[in-house]
Amino acid sequence: MRYITRKNQPSQPLPDEQILGQKLDSNLQVNMEYLEQLLDGCSDAVIRKFKFGKGRDIDAALLYFDGLVLKTEAEDSILRPLMLEFDLMENTPETKAADMYENVKERLLVVTDLLECDTFDKAVQHLASGDAILLINGYDRALVAGIRSWEGRKTESPDEEVLIKGPKEGFTETLRFNTALLRRRLKTSAFKMEPLQIGRLSKTNVVMCYVKGIAAESLVQEVRNRLQKIDIDAVLDAAYLEEIIAEHHYSIFPQAEHTERPDRVVAHVLEGRVAIMVDGSPWVMVVPATFPQFWISPEDYYMGYIPASFIRLLRQVAFFTALLLPSIYVATITYHQEMIPTPLLLTIASSREGVPFPALVEAIIMEITFEFLREAGLRMPRAIGPAISIVGALVIGDAAVAAGLVSTPMVVVVAFTGIASFIFPVYSAGIAVRLARFPLLAMAGFLGYFGIMIGLILLLVHLASMTSFGVPYLSPLAPANANDSSDVLVRRPWWTMKQRPRMFSPINRVRQE
Amino acid sequence: MNNNISGLQLYSISIFMIIATAILYEPRHMIQMVQNNAWVLPFLSGIWGLLFAGLYAQLIKSDPAGFVSLVESLVGKWAGRVIVFLYLAYTLFHCALSLRLFTDFVLSVVDVFLPVSVLTAVFLGASAWAVRRGVPAVARLSELCFWGNSLFALVILLAIARQLDWHNLLPVLPGGILPLARGAWQHAYIYGEAFWAVLLVPFIANRNKAHVPLLVSVLFSMFWLGSFTLFIIAYFNHWLAAAYTFPFFSLVRGIYLGEFIQRLDILLVTIWINNTIIKTSVLLLVFAHTAAAVVHLRDYRPLVLPGALVVGPLSILIFNNIAALQQFYDRLLYLAVLVFTVAIPLVLFLISLWRRGESHAQKTGSPTACS
């Protein structure tokens, strides 16, 4: 009942919402009062009031947030022309009040990106986005000078998607840098970047990228609709959007592909997919996503198709190893010992002698320990993280075996599984597999191979019933498409890839003649 | 979500329906009947199977609205209802029987400690959940499992190939051709399992080309059943093979390769679990969908759970023990299957032909129609 009452409570209007809805006044004094009220407590807001004109009789104010604009640019492009060079203008004495605003806009401000706004809401939005606002007394509009510049991370090699061969550039936290990285690779006007703003408070800039004429109109419209429907206070990363726009909210499997690599995004939009970039995030989200595509690494296309196909097959084996190896070991040890050749069975039996736990408990303990080590290794400072992981694994593993808490084969199985789970090119898919391993392990412990098979079938049913923006999640394997599958299971040679994948229903299907 | 079943999916579903239980019991049954020539039976009875598949393809083309509409339009509303109710009962019975066959196999050969109710509940729960996730989930599952099963079956056949003794296949036709002909007809019912596609009509993407997946599924089933039976006879000889209840399972247990790889039971168990879950899922889907069409429900999903709740106890209570099940399987099952999957569909097809001829005559104004 309390929950219902809370739910029905109307949302409280944010302070200053009334002011934000108002239009700018022609009286600078009034505008400044409102703006000072809006910016009260914002210690980084800079308000520079000044006078200009022949007789220094025109009041004006320049506002910006410190750290978001280039100060020298504000001085050289806005303040200097108005305060010093205004007098040099030939017709200054004749300049009438009505022309003043136009003169400033057309002849004085030396800014490439110059806009206007007429509401407090827009003015504050521009300010927060890193623009400078110029208010002139007598005018109910503000000039918005795009002189954004802030210290950002330079383009570096992506940390999470490391390649031996191929481009080394990765996205940064700055949206404009990121769009430029893509634009440099697709020099066509058909490559569209639609801007959106999401987040009631964060007003995060989001860009939707696709290639017009390749991406299906219905897909683009669907992505646009889902993004426009989002009503949240802030969006700090692309992952926020994935959870909101995904179709299956209770699935552990990623329903969008996240990448730090511009080359990967370009390859995906050329298949007819849509990329979503979020300001402040070095990860770009690509939709729709299908599960078999998580086996693909961009590097596959930067090396010969034979080694690339071999590595891709290796990844598929690693996928099943990471998912099933501990479960198969537990099921075999617990229920199906007859399947193990006698010499091997004797070796395992002797190493398990004295271990106080059943195989299932032993496996769960080891898996959780491994997860602890992995997470600790990730969160530790870089200098000591790997050392802790290795030392932890070696010392704890060795000590646990010596103490008779776990058997040596179990350590080997868990270590092998851990290595296999690192082979995934897409991090979020790797996490899903890590999570799916535990219920399978439990089912193997209780029902043996039957449990594993039932668990696998339930997993398959779940995956088979999923879609990502209307595209079946197991495409192109189920529903099967021979043309598309041949570039998922192995890497097709470039000269045979005449068409784009059908599963994304591209408008133009011809990749090469 | 696209609810259509593609050609490949229809093929996968059909091959699962045909092979799922046949692979468990048929080799022994066929070997008992025609000894060392039993491997020929799947091919001979497959000729009947191809005719059945042609019949089903014609029925699929007849009415896009589905089986209920087809039957009611051909024999009238009330007679049609009776036939549909018979089919609903038969679907539940068949589902319970398939499940019982598998659980009996598991409990008698693989894992003797599990209570039958637990195994039944687990399988039924998984199948019901798959059906509730929608037709695409079942269709895609069967498509994926088809590839997995084919791969595992090939591995098994290749792994055992070195240990075969081809002399066990001799002599050829010791009892003449008559036992083969009789056996071919008696085992034709295996291919009658392709009939279930007729009850999935509203979901089939290309009804006019449904004959292709159905015919190919019969051909591939002939190949698999024939190969398995051939390998069983060649490995054991027919006297020994006929003594096993599940000779294929015993065959797989005999695999011994490179002095290391042995007893690949897991591959066979995987194949059979896939088979059972997909067959049970399709039958539950067919039941729920047909029942929904009878009571004019827009969504079949609410009827899945009641169907599963009937099938579960039925599969446990239907036979006292595996001996009773075998008696029924050997003596009566083929008759029941042939009635529901061949006789009634054939009558329906003939009525539709007659109706078509009648309406054609009315259009052309021939004297037969006037009289």
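Observations, loosely collected:
- Across the range A:267-318, the number of residues qualifying as in contact with a Pro (Cβ under 6 Å, 6 or more places away or on another chain) and open to solvent by 30 Å² or more (accessible area, probe 1.4 Å) comes to 1.
- No other residue among B:A188, B:A128, B:A121 is more than 10 Å from chain A (Cβ to nearest Cβ) and over 22 Å from B:R301 (Cβ atoms) apart from B:A188.
- Members of the range A:277-294 that are assigned to a strand (DSSP E or B) and within 10 Å of the chain's Cα centre (by Cα): A:M277, A:V278, A:V284, A:M285, A:V286
- Looking across the range A:466-483, the residues that are closer than 16 Å to B:G148 by Cα and in contact (Cβ under 8 Å) with a residue 24 or more places away in the chain come down to A:L474, A:P476, A:L477.
- Some residue of the range B:326-337 being within 19 Å of the chain's Cα centre (by Cα) and within 23 Å of B:L74 (Cβ to Cβ): yes
- For the criterion of being among the aromatic types (F, W, Y) and in contact with a strand residue (DSSP E or B) (Cβ under 7 Å, 6 or more places away or on another chain), A:Y473 passes.
- For B:V295, the conditions (1) within 21 Å of the chain's Cα centre (by Cα); (2) of a type in the set (A, V, I, L, M, F, W, C); (3) modelled with pLDDT of 90 or more are fulfilled apart from (1).
- Filter pass, B:A38 being in contact with an Asp or Glu (Cβ under 8 Å, 6 or more places away or on another chain) and part of a helix (DSSP H, G or I): no
- Qualifying residue in the range B:34-55 (condition: open to solvent by 10 Å² or more (accessible area, probe 1.4 Å) and without any contact (Cβ under 8 Å) to a residue 24 or more places away in the chain): yes
- B:R298 facing another protein chain (nearest Cβ under 10 Å) and among the charged types (D, E, K, R): no
- Restricting the range A:417-456 to residues that are outside any helix (DSSP H, G or I) and surrounded by fewer than 20 Cβ atoms within 10 Å (Cβ to Cβ), the residue that is nearest to the other protein chains (Cβ to nearest Cβ): A:I423
- Within the range A:333-377, restricting attention to residues that are among the hydroxyl-bearing types (S, T, Y) and touching a Gly at 6+ places or on another chain (Cβ under 8 Å), the residue that is modelled with the highest pLDDT is A:T334.
- Some residue of the range B:12-27 being within 14 Å of another protein chain (Cβ to nearest Cβ), assigned to a helix (DSSP H, G or I) and either farther than 23 Å from B:D330 by Cα or open to solvent by 20 Å² or more (accessible area, probe 1.4 Å) (or both): yes
- Among the candidates B:L285, B:L264, B:L268, residue that is within 14 Å of chain A (Cβ to nearest Cβ), surrounded by 18 or more Cβ atoms within 10 Å (Cβ to Cβ) and within 16 Å of B:L199 (Cα to Cα): B:L285
- Exclusive hit being in contact (Cβ under 8 Å) with a residue 40 or more places away in the chain, of a type in the set (K, R) and surrounded by fewer than 21 Cβ atoms within 10 Å (Cβ to Cβ), set B:R253, B:R301: B:R301
- The range A:57-67, residues that are open to solvent by less than 50 Å² (accessible area, probe 1.4 Å) and touching an Asp or Glu at 6+ places or on another chain (Cβ under 8 Å): A:Y64, A:F65, A:G67
- Flag if B:A22 is at pLDDT 90 or above, within 15 Å of the chain's Cα centre (by Cα) and more than 26 Å from B:L303 (Cα to Cα): no
- With respect to the conditions (1) open to solvent by 70 Å² or more (accessible area, probe 1.4 Å); (2) of a type in the set (V, I, T); (3) touching a Leu at 6+ places or on another chain (Cβ under 8 Å), A:T342 falls short on a single one, namely (3).
- Number of the condition not met by B:I277 [criteria: (1) facing chain A (nearest Cβ under 8 Å); (2) over 30 Å from B:A159 (Cβ atoms)]: (2)
- Being assigned by TED's automatic domain parsing to the domain that holds A:K105 and open to solvent by 80 Å² or more (accessible area, probe 1.4 Å) is a property that holds for A:Q37.
The values are calculated or read from the model by the stated rules, or taken from the named source; none is laboratory data. Note that this is a predicted model, so its numbers are computed, not measured. When we count neighbours, we look across all protein chains shown, and the Cβ atoms used for this are built from the backbone with ideal geometry, even at glycine. Ligands, DNA and RNA are stripped out before the accessible areas are found, and what is left, the full protein with its side chains, is counted by its heavy atoms. Shrake-Rupley method; radii C 1.70, N 1.55, O 1.52, S 1.80 Å.
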